[in-house]
1. Which entry in [x] 103, 72, 60; [y] 78, 62, 43; [z] 69, 65, 57 is this structure's computed Cα extents along the principal axes in Å?
2. Using θ = phi - 60° and the Karplus form 6.51 cos²θ - 1.76 cosθ + 1.60, what ³J(HN,Hα) does each residue of the range 379-386 get, whole Hz, x for Gly and Pro?
3. What does the extension gain come out to for D370 and A232, with contour length at 0.36 nm per residue minus their alpha carbon separation?
4. Round to the nearest 0.05 the FRET efficiency obtained for D551 and E62 when R0 = 45 Å and r is the Cβ-Cβ distance.
5. Using Cα pairs closer than 8 Å and at least 6 residues apart in sequence, work out the relative contact order for the chain, in percent.
6. For the modelled label position 7 Å from the Cα of S480 along Cα-to-Cβ, which residues of the range 36-78 have backbone nitrogen atoms closer than 20 Å?
7. Once R0 is set to 35 Å, what does the formula 1/(1 + (r/R0)^6) return for the Cβ-Cβ distance between E208 and N631, expressed as a FRET efficiency to the nearest 0.05?
8. Report the extension gain between A568 and Q249 in nm, rounded to one decimal, defined as 0.36 nm multiplied by the number of residues separating them, less their alpha carbon distance.
Amino acid sequence: MSDSSLWHPSGDYLEQANVTRLARAHGIGSYADLRRRSVEDVDWFWDAVVRDLDIRFHQPYEAVSDCSAGLQWCRWFVEGRINVADACVGRHSGSGADAVIWEGEDGATRRVPYSELAAQVSRFAAALRHLGVAKGDAVGLFMPMVPEAVAAFMAIAKVGGLVVPVFSGFAAPAIAARLQDAGAKVLVCCDGFLRRGSVVPMKQTADEAVAACPTVRHVVVVARAGTDVAMAPRRDVFWHDLVSGFPDQADSEDTDAEDPFMIAYTSGTTGKPKGSVHVHGGFLVKIASEVAYQTDYHPGETLFWVTDMGWIMGPWEVVGTLAHGGTVFLYEGAPDYPGPDRLWEMVARHRVNILGISPTLVRALMRHGDELPARHDLSSLRVLGSTGEPWNDAPYRWFFERVGGSRLPIINFSGGTEVGACFLSATVVEPLKSCSLGGPSLGMAVDVFGPDGRPVRGQVGELVCTKPWPGMTRGIWGDSDRYLAAYWSRWPDVWVHGDWAVADDDGQWFLHGRSDDTVNVAGKRIGPAEVESVLVGHPGVSEAAVVGIPDEIKGEALWCFIVPASEAAAGDDLRAELRAHVGTELGKAFTPAAVKFVSELPKTRNAKVLRRAVRAVAMGADPGDLTSLENPSALEEIARAR
């Protein structure tokens with residue numbers, strides 16, 4: 001390994017790591033050999049995971065996988081029966097440990113033991129059945145990070161329903177689009193929650209969304225903020241009123257390992273958001289393996305990932321931690337409020353052991369000064385984690401040195417909503433360079449392909465996966481053709497993820513952004529088409545092109561190039577209106593950083609906007625191959641746009 005490694009594992013990390021236990025149990029001498037065997041024989045590996053982590057199926061599976069219908073539709077843990085709620089909550093109900101520790105932005109705290117969580121899950125499961133939710137029915141989860149979000153998530157799984165997690169910062173139209181696509185029958189929300197000292201009125205937003213979703217028959221409201229909210233007769237009910245009459249125990253639906261339990265939405269580069277379908281068996285096993293082997297979770301530890309239930313890391317931390325009978329820490333508010341050291345204060349107070357964070361948040365926190373983390377006792381931390389976007393060197397080193405004291409590994413990993421987990425991940429048993437993702441996570445046949453579809457090393461190429469895995473989406477909800485086109489259409493039997501990656505000469509992997517047009521704003525992905533559809537819905541807009549531009553704080557920021565409906569309309573007033581309009585429709589997090597006016601957009605002969613070229617010219621970079629461009633003068637205007 002090169003001398004450029006920033007972190008080297010000590011004897012304790014090597015000896016006590018979960019992957020060390022797994023390797024020794026199978027007579028494997030090194031992590032590199034374990035990774036190699038896990039990819040060469042994926043059935044052996046995933047069966048070994050189930051046994052090593054003691055994941056209990058109600059009915060044992062007859063085969064680990066069945067790919068007879070093609071790699072795109074591989075089935076896992078065939079004929080096995082398991083329910084996520086039983087595996088994560090029911091089996092640990094007598095442990096006496098805390099399942100959830102929660103802190104509100106106002107300082108309120110709650111500890112929820114497994115016994116109490118199991119009772120909450122059972123009561124809400126019975127309540128859902130009372131509301132008419134049956135196996136296969138979708139239930140929206142528009143919630144901040146509060147204990148009821150965990151209970152609701154598990155209760156929906158318990159009855160065999162489909163959880164539809166929605167980002168707590170989305171505006172009504174974005175919520176409605178996801179509920180409509182899933183055909184949700186019930187929506188669970190809060191009256192509101194605290195963010196930077198103010199109440200975010202969730203119920204009002206939920207009402208606006210539900211008005212466009214005739215399939216939603218009931219809205220269940222958790223009284224978190226204690227504010228007065230409008231309650232529609234026969235449709236709306238408060239959580240505490242609904243569950244009060246139901247017993248603390250309820251039967252779980254007898255679910256097959258391949259039965260869907262969650263539709264997690266991600267955005268692509270065109271069209272509406274894609275509903276990634278995840279199933280009880282595969283998602284559970286893949287996520288449990290990552291928490292155990294990649295972040296090296298140990299019994300009795302507390303894991304805290306700064307995230308939201310509407311992004312895949314919310315279900316990841318909940319399912320992954322509870323599958324091990326561990327404690328997950330939740331926080332509802334801004335991590336730098338009321339002071340810039342709020343995050344470090346909570347880590348110290350609650351003795352957090354594994355802390356996950358995004359590069360964007362690190363960039364924001366480091367601006368407040370190097371001394372803030374040192375003011376708090378962070379000695380409980382054993383592992384740092386990160387995901388969501390590529391790092392750059394300065395914030396990575398700040399996180400490593402100022403937060404980790406140059407003694408903790410940063411388990412940087414990358415995958416996606418449709419992956420169900422990660423493709424690439426660092427580990428606690430291998431040296432790490434700055435910004436490194438380590439290498440392929442266990443059981444993942446990941447590679448980097450050049451334009452000819454052959455593996456390349458030492459140069460940037462397409463991140464691909466050449467074998468299926470248990471956590472992969474079982475298609476896009478209601479649109480199997482779109483699933484095949486999005487991930488499997490470039491090379492036969494190869495998943496193309498849309499990330500630029502490079503594996504260096506030392507075997508460490510790095511990401512270089514998206515190879516498609518998806519924009520990643522502070523770790524939150526959104527498709528340009530979704531933003532563009534909002535913009536062209538404004539009467540002052542004729543056409544729009546949206547691209548992501550590198551941003552020091554957010555990673556990427558939205559820049560919008562607008563062809564106005566009339567030349568006279570172009571100006572500061574329309575610019576302000578459009579920024580506010582996007583923020584209202586999609587959520588404030590997606591408010592454009594720039595709105596620029598042009599008379600035309602660069603297009604191909606078949607009228608496709610060349611966003612790649614727009615982005616490159618806006619950044620002052622080489623736009624590359626323009627042979628398909630119909631109107632080169634449009635790029636000149638993009639370069640001059642104000």
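The values are calculated or read from the model by the stated rules, or taken from the named source; none is laboratory data. Values in this document were obtained by computation on a predicted structure and should not be read as measured data. No Cβ is skipped: glycine too gets one built from the backbone with ideal geometry, and neighbour counts run over all protein chains shown. Heads up: the accessible areas ignore ligands, DNA and RNA and are worked out on the full protein's heavy atoms, side chains in. Shrake-Rupley method; radii C 1.70, N 1.55, O 1.52, S 1.80 Å.
1. [z]
2. 5, 5, 5, 10, 9, 9, x, 7
3. Details: separation 138, 0.36 × 138 = 49.68 nm, distance 5.02 nm.
Difference between extended and current length: 44.7 nm.
4. Details: r = 51 Å, r/R0 = 1.12.
So, using R0 = 45 Å, E works out to roughly 0.35.
5. After rounding, I find 13 percent.
6. Counting only backbone N, you get 65-78.
7. In this case the efficiency is close to 0.35.
8. On the way: separation 319, 0.36 × 319 = 114.84 nm, distance 6.57 nm.
Extra length available between A568 and Q249 comes to 108.3 nm.
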